[in-house]
Amino acid sequence: MIDTDRQTSFLREEPTATGTLVPERADGKRACVIGSGFGGLALAIRLQSAGIATTVIEARDKPGGRAYHWEREGFTFDAGPTVITDPACLRELWALTDSDMDADVELMKVAPFYRLNWPDGTVFDYSNDEAQLNTEIARINPADVAGYQEFLAYSEGVYREGYLRLGSVPFLDFRAMIRAAPALLQHQAWRSVYSMVSRYIEDERLREAFSFHSLLVGGNPMTTSAIYALIHKLEKDGGVWWARGGTNRLVAGMVRHFERLGGTVRLGDAVTQVHAIGNRVTEVETASGWREAFDAVASNADIVHTYRDLLRGTKRGPQQARSLARKRFSPSLFVVHFGLEGTWPGIPHHTILFGPRYKGLLEDIYENGVLPADFSIYLHHPTVTDPGMAPPGRSTFYALIPVAHQGKLAVDWDQIGPILERRILDEVGRRLIPDIHDRIVTSFHYAPRDFALDLNAHLGSAFSLEPTLTQSAWFRAHNRDDAIANLYLVGAGTHPGAGIPGVVGSAKATAGLMIGDLSA
C-alpha cells in the first residue's frame, strides 16, 4: 500500500473554558491498529488526522475485515455488511481534514430499504417515506397506523439517548453507567425490542417487521435491550445506502483517504503477539517476523483472540480472555453467494423471507443450538441498484441465515454446508426464482467455521458479544483496557457494538481516549 510522509492537520472541536474551539493533536507519536475492519479504519483515520503516525496491520490479503470481498467469473461478492446507515458518521471521517467523502466513495440510495415477505404471501415494503409506510401498515392492519406513530416517538427518544448522546462516549467505569441509568430506566431498557414493539403494534407480522433490526447487529429481538429500537429512527433519518461497486469500495475509499493522510497499511501479515513491559504495551510482532515499537496499540481484532492469543505473554491477557469467554456471544451466519444468468428488476436490493416461525426459530438459534428445518432468509440483490456488480445480463445475490455459533452448534460444516446451501437455494427458488438452479453460474458458501478461521472470531460468532442490556455500555469490553494503560479496543466487541454506525462510533470513542492520552 502507499506510504507517504505528508501529514494533514486535524481540528478536534473541543470547547475551552472561554468557549472557543482549539485543535487537539498528538504529533510525533506512533500508533498501531490491528485489523482493518470499519472500526479499525475509522480509528486509524482519526488518529492519522490528529498527527499520530498510524500503521494498520491486516492479516488477510485485502482490507475490510468482515467487509471482505471476492471476485469470481466477473461477479463481485461482498462478504458484508450490505446495509449502510447514518452516512454522516462516515462523512465526518473525511471532514476532519476538510476533505470530501464523495471524492472517494459514491453512495446510492436504496429504496425500499427492505421488502418483507411472509409464507402466507403477505408483502411489506419498508422505507422512510412516512405516507407510503403508513399505507403499507394500513394494508396489513389499519389499527396499527396509530400504534406505529407511538413506536416512532419511542424510537426517537432512545435514538437521542442511546445513539446521539451515548453512542460515541466511552464507558470506562461503573459511575458512567450510573449516570446513564436514569435515561435507560426512562426508556425501559430492561424490556426487549420485541416486547416494546408489541406494546404499540398488534399484528404479529408488523411486530416482526419492526423488531427484526436487532438481528442486523447480532441481537435476538426477544432478549436484546429495547434501546436497540433506535435503529428504526437511525434508518428513518439517514436512509439506507449502497456504495457503488460494493461495500468493498467504501473500504477502499477509507484506505485511500487514510494513506493520503500519510498512514501505512500492512496487508497479509498477521499480528502474532503484542509485547508488553509492566502495564504498557511496547511492540507489535507479526508472522513475517516484522517487529515494531509503538506508543499505543488498538485492536480491531476479535476481543477474545486479542487477549488470549495476542497478549498471551502478559498476566492481563489470559485473565481477561477467560472473563470474556464466559459472556454470551452472538450467533454466526451461513451465507450462500451466487451469481445467476438473467436480471430481476422486481426483486429489491434487500428482501427478508420470513419463515413459518419467529420466536421459536430465534430460540433454536440463540438458546437451543440446533439447526432447524425452517429458516428466515435475508436476500441481498445488489445488481438491482448497481448492475456493475455482475457481468451484463447477470445478477449477483447472497442469501444469509443466522445460525448458532460453534459453542452451541458443533457440526461438520464440510458435510452440512453443501446440504444447507441447497436447501436455502431451494427456498429462494420456491418463493422468488423458480428455475434458480438452472441459472446458477457460480456459487459458494461461508460458514461459522470460516468466521473462526479467517477472522479469529471466538466461537465463529459473526457479531462478537451479544447485545443484551447486561453486555452493553460499561458491561462490554472497554474502549481502553483497565490494566494496560496504552492498549485500546475498537469494533463490535466494545462500546457501542456491531454494525457500521456502531463500530464507527466505537472508533470515535476510542480515538478521543487515544488522542487525549498521547497528547498529555
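Being more than 25 Å from Ala252 (Cα to Cα), in a loop (DSSP other than H, G, I, E, B) and without any contact (Cβ under 8 Å) to a residue 24 or more places away in the chain: is that true of Gly317 here?
Taking the combined requirement at face value, the residue does not satisfy it.
Hey, any hits in region 464-483 for a residue that's at positive phi, at pLDDT below 95 and not charged (D, E, K, R)?
Looking for residues that are at positive phi, at pLDDT below 95 and not charged (D, E, K, R), one finds at least one in region 464-483, hence yes.
Give just the number: which of (1) among the charged types (D, E, K, R); (2) under 20 Å from the mean Cα position of the chain (by Cα); (3) more than 28 Å from Phe354 (Cα to Cα) does Lys233 not satisfy?
Unmet condition: (3).
A quick yes/no check of all residues on (1) assigned to a helix (DSSP H, G or I); (2) modelled with pLDDT under 95; (3) crowded, with 20+ Cβ neighbours inside 10 Å; (4) not small (Gly, Ala, Ser):
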{"site": "Leu116", "(1), (2), (3), (4)": "no, no, yes, yes"}
{"site": "Pro119", "(1), (2), (3), (4)": "no, no, no, yes"}
{"site": "Asn128", "(1), (2), (3), (4)": "no, yes, no, yes"}
{"site": "Asn134", "(1), (2), (3), (4)": "yes, no, no, yes"}
{"site": "Ala138", "(1), (2), (3), (4)": "yes, no, no, no"}
{"site": "Pro142", "(1), (2), (3), (4)": "no, no, no, yes"}
{"site": "Tyr154", "(1), (2), (3), (4)": "yes, yes, yes, yes"}
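Go through region 40-62 and count every residue that is buried (at least 24 other Cβ atoms within 10 Å of the Cβ) and assigned to a loop (DSSP other than H, G, I, E, B).
The total comes to 3.
Considering only region 83-97, how many residues are under 14 Å from Gly239 (Cα atoms) and either outside any helix (DSSP H, G or I) or β-branched (Val, Ile, Thr) (or both)?
Going residue by residue through region 83-97, those that are under 14 Å from Gly239 (Cα atoms) are 83-90.
Within this subset, residues satisfying the condition of being either outside any helix (DSSP H, G or I) or β-branched (Val, Ile, Thr) (or both) are 83-86.
Looking only at that region, the number is 4.
Looking at Gly407, Gly388, which one is surrounded by fewer than 18 Cβ atoms within 10 Å (Cβ to Cβ) and either in contact with an Asp or Glu (Cβ under 8 Å, 6 or more places away or on another chain) or assigned to a loop (DSSP other than H, G, I, E, B) (or both)?
Only one candidate qualifies: Gly407.
For residues that are in contact (Cβ under 8 Å) with a residue 24 or more places away in the chain, touching a Gly at 6+ places or on another chain (Cβ under 9 Å) and surrounded by fewer than 21 Cβ atoms within 10 Å (Cβ to Cβ), tally how many sit in region 305-314.
Going through region 305-314 one residue at a time, the tally reaches 1.
Of the residues Val251, Val265, Val304, which is aliphatic (A, V, I, L, M), assigned to a strand (DSSP E or B) and farther than 30 Å from Tyr154 by Cβ?
Exactly one residue qualifies, and that residue is Val265.
From the set of residues in region 83-114 that are surrounded by fewer than 19 Cβ atoms within 10 Å (Cβ to Cβ) and of a type in the set (Ser, Thr, Tyr), which is nearest to Ala146 (Cα to Cα)?
Ser99
Examine region 166-181 for a residue that is acidic (Asp, Glu) and either part of a helix (DSSP H, G or I) or farther than 29 Å from Ala483 by Cβ (or both), and state whether such a residue exists.
Of the residues in region 166-181, the ones acidic (Asp, Glu) are 173.
Next, only the ones that are either part of a helix (DSSP H, G or I) or farther than 29 Å from Ala483 by Cβ (or both) stay: none.
Scanning region 166-181 turns up no residue that is acidic (Asp, Glu) and either part of a helix (DSSP H, G or I) or farther than 29 Å from Ala483 by Cβ (or both).
Could you look through region 224-263, keep only residues that are among the hydroxyl-bearing types (Ser, Thr, Tyr) and at pLDDT below 95, and pick out the one that is surrounded by the most Cβ atoms within 10 Å (Cβ to Cβ)?
The extreme case among them is Tyr228.
Suppose we filter region 268-293 for residues that are in a strand (DSSP E or B) and either surrounded by fewer than 19 Cβ atoms within 10 Å (Cβ to Cβ) or without any contact (Cβ under 8 Å) to a residue 24 or more places away in the chain (or both); how many remain?
Restricting attention to region 268-293, the residues satisfying the condition of being in a strand (DSSP E or B) are 271-277, 280-286, 291-293.
Keeping just the survivors that are either surrounded by fewer than 19 Cβ atoms within 10 Å (Cβ to Cβ) or without any contact (Cβ under 8 Å) to a residue 24 or more places away in the chain (or both) gives 272-273, 275, 277, 280, 282-283, 285-286, 291-293.
Of the residues in region 268-293, 12 are in a strand (DSSP E or B) and either surrounded by fewer than 19 Cβ atoms within 10 Å (Cβ to Cβ) or without any contact (Cβ under 8 Å) to a residue 24 or more places away in the chain (or both).
State whether the residues of region 431-446 include one that is under 20 Å from Ser214 (Cβ atoms) and at pLDDT 95 or above.
No, the conditions are met nowhere in region 431-446.
Return the total of residues in region 301-358 being under 29 Å from Met389 (Cβ atoms), of a type in the set (Val, Ile, Thr) and in contact with a helix residue (DSSP H, G or I) (Cβ under 8 Å, 6 or more places away or on another chain).
Count: 4.
In this structure, is Ser211 surrounded by fewer than 23 Cβ atoms within 10 Å (Cβ to Cβ), of a type in the set (Gly, Ala, Ser) and within 21 Å of the chain's Cα centre (by Cα)?
Taking the combined requirement at face value, the residue does not satisfy it.
Yes or no: region 425-440 includes at least one residue that is closer than 26 Å to Met222 by Cα, outside the structural domain of Ile34 (by TED's automatic domain parsing), hydrophobic (A, V, I, L, M, F, W, C) and outside any helix (DSSP H, G or I).
no
Of the conditions (1) in a helix (DSSP H, G or I); (2) surrounded by fewer than 17 Cβ atoms within 10 Å (Cβ to Cβ); (3) not acidic (Asp, Glu), Val197 satisfies every one except a single condition; which number is it?
Only one criterion is unmet by Val197, namely (2).
In the list Ser330, Ser299, Ser323, which residue meets the criterion of being modelled with pLDDT of 95 or more, closer than 14 Å to Ile484 by Cα and among the small types (Gly, Ala, Ser)?
Answer to the check: Ser299.
The values are calculated or read from the model by the stated rules, or taken from the named source; none is laboratory data. Everything numeric here is computed off the predicted structure, so don't read it as measured data. Glycine gets a Cβ as well: all are built from the backbone with ideal geometry, and neighbour counts include every protein chain shown.
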